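J.: Please find one structure pasted underneath; my questions will follow.
The values are calculated or read from the model by the stated rules, or taken from the named source; none is laboratory data. Computed from a prediction, not measured in an experiment: that's the story for all the values here. As a convention, Cβ positions derive from the backbone with ideal geometry for all residues, glycine included, and neighbour counts pool all protein chains shown.
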Amino acid sequence: MSPTKSTVTKQVTYAGGLDSVTLHFLSGHVVEFPNGTPVEVCAEDAAVLADNPDFHPAAKATTTTTEPHKEVSS
């Protein structure tokens with residue numbers, strides 16, 4: 001039986017000077033990172049990017065609750 005790979009993923013955002021970059025990881029994954037757009041990668045690939053100043057963990061999505069729009073009657 002072969003060992004199972006972890007399915008843990010992380011979101012990473014590229015913030016470098018180009019519009020986008022495409023990286024070929026040692027894991028065999030090829031990933032395109034558009035500037036400023038969160039991209040989901042495996043934990044192994046995220047670890048490779050951890051020390052690169054052009055890549056940052058993506059901000060956690062926050063949900064805001066808004067009240068329904070109330071019509072103003074005159």
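J.: Say whether the condition of being surrounded by fewer than 10 Cβ atoms within 10 Å (Cβ to Cβ) and modelled with pLDDT of 95 or more is met by at least one residue in the stretch 30-46.
T.: For the stretch 30-46, residues surrounded by fewer than 10 Cβ atoms within 10 Å (Cβ to Cβ) and modelled with pLDDT of 95 or more: present.
J.: Right, something else. Yes or no: residue 22 surrounded by fewer than 10 Cβ atoms within 10 Å (Cβ to Cβ) and at pLDDT 95 or above? Can you show your working first?
T.: Details: surrounded by fewer than 10 Cβ atoms within 10 Å (Cβ to Cβ): yes; at pLDDT 95 or above: yes.
Against the criterion (surrounded by fewer than 10 Cβ atoms within 10 Å (Cβ to Cβ) and at pLDDT 95 or above), residue 22 qualifies.
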